[in-house]
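Since the structure comes first, as structure tokens, the remarks are kept for the end.
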Amino acid sequence: MSETETAGERRTGGCLCGSVRYETAWPPLLTGVCHCRHCQRQAGSALSVLVAVPFAALERSGDLTTYEDGSEAGRAVYRKFCPKCGSPVFTETPDGMAQGMIFIKAGTLDDPKDLAPTVHFWTTSKQDWVVIPEGAALLEKQ
Ligand SMILES: [Zn+2]
Ligand SMILES: [Zn+2]
């Protein structure tokens with residue numbers, strides 16, 4: 001067995017201006033899409049694609065600003081973004097951190113092409129034109 005086979009895969013990413021960079025273990029624990037209105041506003045888009053990774057397996061550099069948000073369910077959501085270019089990069093939640101897990105905004109990955117979201121959150125506020133692939137788990141309000 002070669003060393004490349006035994007070493008865990010890593011993946012890198014960063015914000016638009018490059019001030020924030022990170023490297024994480026791969027594959028992620030979970031890949032999901034959030035259709036909540038808060039993610040839509042923060043992303044300026046129809047949805048937010050997230051990968052959950054073990055916090056301990058994430059190395060990050062560069063300054064981040066935290067916006068303390070509340071989820072639509074009333075739980076704390078810490079949205080971390082680059083103060084220079086505004087890219088949303090990480091999201092932390094108390095529940096996630098209790099499980100040692102942090103969410104990466106998947107659009108910031110250097111190579112996001114092969115993502116395969118399996119869960120869709122907050123489908124109650126999904127934009128009508130967005131078609132969810134068959135087989136994905138749907139959570140209306142979470
Ligand atoms: Zn930046
Ligand atoms: Zn959301």
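Tell me, in nm to one decimal, what length is gained between E68 and R10 on full extension, where the rule is 0.36 nm per residue of separation less the Cα-Cα distance?
Roughly 18.0 nm would be gained on extension.
Go ahead and collect, in residue order, the members of region 109-126 whose backbone nitrogen is under 13 Å from a label point 7 Å along the Cα-Cβ direction of E140.
Once the point is set 7 Å along Cα→Cβ of E140, 122-126 turn out to lie under 13 Å by backbone N, inside region 109-126.
With the full set of protein chains in place, find how many percent of the accessible area of region 16-139 is carbon and sulfur; take the probe as 1.4 Å.
On the way: 3510 of 6580 Å².
Heavy-atom surface of region 16-139 belonging to carbon and sulfur, 1.4 Å probe: 53 percent.
Based on the mean of other Cβ atoms within 10 Å per residue, sort peptides 72-85, 95-108 so the most packed one is first.
Result, highest mean Cβ count within 10 Å first: 95-108, 72-85.
Rolling a 1.4 Å sphere over the protein heavy atoms, what is the accessible area per residue of region 16-139, to the nearest Å²? All intermediate terms of the calculation are to be shown ahead of the outcome.
Details: 6580 Å² over 124 residues.
I get 53 Å² per residue for region 16-139.
For the chain, what number of Lys pairs, 8 or more residues apart or on separate chains, have alpha-carbon atoms under 22 Å from each other?
Working: K80/K105; K84/K105; K105/K113; K105/K126; K105/K141; K126/K141.
Within the chain, the lysine pair count is 6.
Tell me which residues come under 5 Å, amide H to amide H, from V77 once H is placed; ignore anything under 5 positions away on its chain.
D69, G70, S71
Stokes-Einstein diffusion coefficient for region 16-139 at 37 °C in a medium of 0.692 mPa s, Rh from the Kirkwood formula over Cα pairs: what value in µm²/s?
Numbers: Rh = 14.9 Å.
Roughly 221 µm²/s, to the nearest whole number.
If I ignore ligands, DNA and RNA and count only protein heavy atoms, how much of S19 is accessible to a 1.4 Å probe, in Å² to the nearest 10?
The accessible area of S19 comes to roughly 50 Å².
Give the percent of DSSP beta bridges with both residues in the chain that are antiparallel, rounded to the nearest 5. Kindly include the intermediate steps, with their values, before the conclusion.
Working: 33 of 39 bridges.
Antiparallel bridges make up about 85 percent of those DSSP assigns within the chain.
Which of these, T66, T124, T12, has the largest mean-square fluctuation under a Gaussian network model of the chain (Cα springs below 10 Å)?
T124
So, in nm, how far is label R21 from label E59 when the simple model puts each one 7 Å beyond its Cα toward the Cβ?
The two pseudo-label positions are separated by 1.0 nm.
The values are calculated or read from the model by the stated rules, or taken from the named source; none is laboratory data. Predicted model, so just to flag it, every value in this text is computed and none were measured. Neighbour counts are summed over all protein chains in view; Cβ atoms, including those assigned to glycine, are modelled from backbone coordinates with ideal geometry. Note: areas computed on protein heavy atoms with side chains; ligands, DNA, RNA excluded. Shrake-Rupley method; radii C 1.70, N 1.55, O 1.52, S 1.80 Å.
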